[in-house]
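Here the structure is laid out as structure tokens; the discussion comes afterwards.
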Amino acid sequence: MNLTARPLARSTAVLVLVTAAVLAATGYLDVLIDRSGGSILSDSNDRYLNDSFDRAMKGFLVLSAIKSGVAVLEGSEIGIGFNLQIGDISQSIYDYIDVAWKTALAGGTVLLLIQLMLQTLQLIDHWCLFALLLVALSLFLLRWLFPRQERLNRILKEGLLFVSVLTIAFYMILPFSIAGAAFLSKQITQPLVTEAQQGFESLQEEIAPHALNERFFPDSQGNDSLWSYLDLRAKLQDSREVIIKMAEYLREVTEEFAVWTIKIIAGYLFDCIIFPFAFFIVGYILTKNLLAYVIGIRRDHSMRKDFDMILAKYYGR
């Protein structure tokens, strides 16, 4: 009874593996996984990436407008009758805006690349699952039909470990890494980036050349009389205080821009690189070590040594 049941159980296992491999190759197994709840995580990641990309692009457009305005400001002359060149005191503002602009552009690009990567993985992950089932089937048949082939057994175990880790990375580690990054982003970095973008938006119009001219030279608007051009001494005396006030104002703006730029850099650095990369590394190491223990791979053997021994046996190496 026991002798009959054992081959029947093995034959059933082979049939299950073959059926699962066919379903995986045709994509039907992915449909079953999605209907079982696998699509919830995917949809959540898509929403997070779409929202993050939209925020990055909104901030990028705001920074682009500010950068254009500051670029004009650098070569502008403010005042009538007395022209004030403010390029030197606005250079530091332009530098911070340029760094923030590049950061927003890079952050939006990385977010889009992550989204495209996840979409690509959704197209090829079922082939990794098919390879996993195929290697598992080969290992099962080898241990059933040729139980003494220890070297081939170790090679297939190494192959099974590789495709298992790859498949789990596609189906679980990468999606959960994005989900973990999204959770930490909402709790830690997203408020920083939002605060910085709102700060840039609030000063977008204030540092435009015409706004500065109206703010610091209100009396010069529409004053085009001949006397206003000839009375340079009075205008120099009045403009001395204006220059000091403008320099102080732009220095305060520069300090705020510096803080906001640092917050944007830190936010996008953690959102796009540190958070997802850290989750992926931890998940990868834990998954690989756990699977190596479950499969029974010993670290004192390697696939290369087994290949060398097989080649030496059959080809006289």
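The values are calculated or read from the model by the stated rules, or taken from the named source; none is laboratory data. The shown structure was predicted, so the numbers you read here are calculated from the model rather than taken from an experiment. Positions of Cβ are backbone-derived with ideal geometry, glycine not excepted, and every protein chain shown enters the neighbour counts.
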- Item | Count of residues meeting criterion [without any contact (Cβ under 8 Å) to a residue 24 or more places away in the chain, surrounded by fewer than 18 Cβ atoms within 10 Å (Cβ to Cβ) and in contact with a helix residue (DSSP H, G or I) (Cβ under 8 Å, 6 or more places away or on another chain)] in the stretch 134-146 | 4
- Contacts under 8 angstrom Cβ, first residue in the stretch 5-17 being closer than 19 Å to Ser138 by Cβ, partner polar (S, T, N, Q), 6 or more apart: none
- Query: In the stretch 17-32, how many are under 16 Å from Ala131 (Cβ atoms) and surrounded by 14 or more Cβ atoms within 10 Å (Cβ to Cβ)?
  - Reply: 9
- Message: Among the listed residues Ala20, Ala104, Ala71, identify the single one that is at pLDDT 85 or above, small (Gly, Ala, Ser) and either more than 30 Å from Ala181 (Cα to Cα) or assigned to a strand (DSSP E or B) (or both).
- Response: Ala20
- Message: Here's a check for you: in the stretch 154-186, which residue that is without any contact (Cβ under 8 Å) to a residue 24 or more places away in the chain and surrounded by fewer than 17 Cβ atoms within 10 Å (Cβ to Cβ) is farthest from the chain's Cα centre (by Cα)?
- Response: Phe162
- Task: May I ask you to list pairs of residues, at least six apart or on different chains, whose Cβ atoms are under 6 Å apart, with the first in the stretch 256-275 being surrounded by fewer than 19 Cβ atoms within 10 Å (Cβ to Cβ) and the second being of a type outside the set (Val, Ile, Thr)?
- Result: Ala258/Tyr96
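Out of all the residues in the stretch 188-207, which are of a type in the set (Val, Ile, Thr) and in a helix (DSSP H, G or I)? Can you show your working first?
Step one: list which residues in the stretch 188-207 are of a type in the set (Val, Ile, Thr), which gives 188-189, 193-194, 207.
Those that are of a type in the set (Val, Ile, Thr) and in a helix (DSSP H, G or I): Ile188, Thr189, Val193, Thr194.
Conditions tested, residue by residue: (1) of a type in the set (D, E, K, R); (2) modelled with pLDDT of 55 or more.
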position	(1), (2)
Leu226	no, no
Leu250	no, yes
Glu255	yes, yes
Gly283	no, yes
Gly296	no, yes
His301	no, no
- With respect to Thr167, determine if the residue is over 30 Å from Gly59 (Cβ atoms), among the hydroxyl-bearing types (Ser, Thr, Tyr) and assigned to a helix (DSSP H, G or I). yes
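Regarding Ile89, is this residue under 17 Å from Ile273 (Cβ atoms) and either part of a helix (DSSP H, G or I) or modelled with pLDDT of 90 or more (or both)?
No: the conditions fail for Ile89.
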- Return yes or no: is Ser239 surrounded by 13 or more Cβ atoms within 10 Å (Cβ to Cβ) and modelled with pLDDT under 55? no
- Could you please find all residues in the stretch 162-207 being farther than 23 Å from Ile262 by Cβ and small (Gly, Ala, Ser)? Ser164, Ala169, Ser177, Ala179, Gly180
- Task: Could you check how many residues of the stretch 27-73 are among the polar types (S, T, N, Q), in contact (Cβ under 8 Å) with a residue 12 or more places away in the chain and farther than 19 Å from Thr109 by Cβ?
- Result: 2
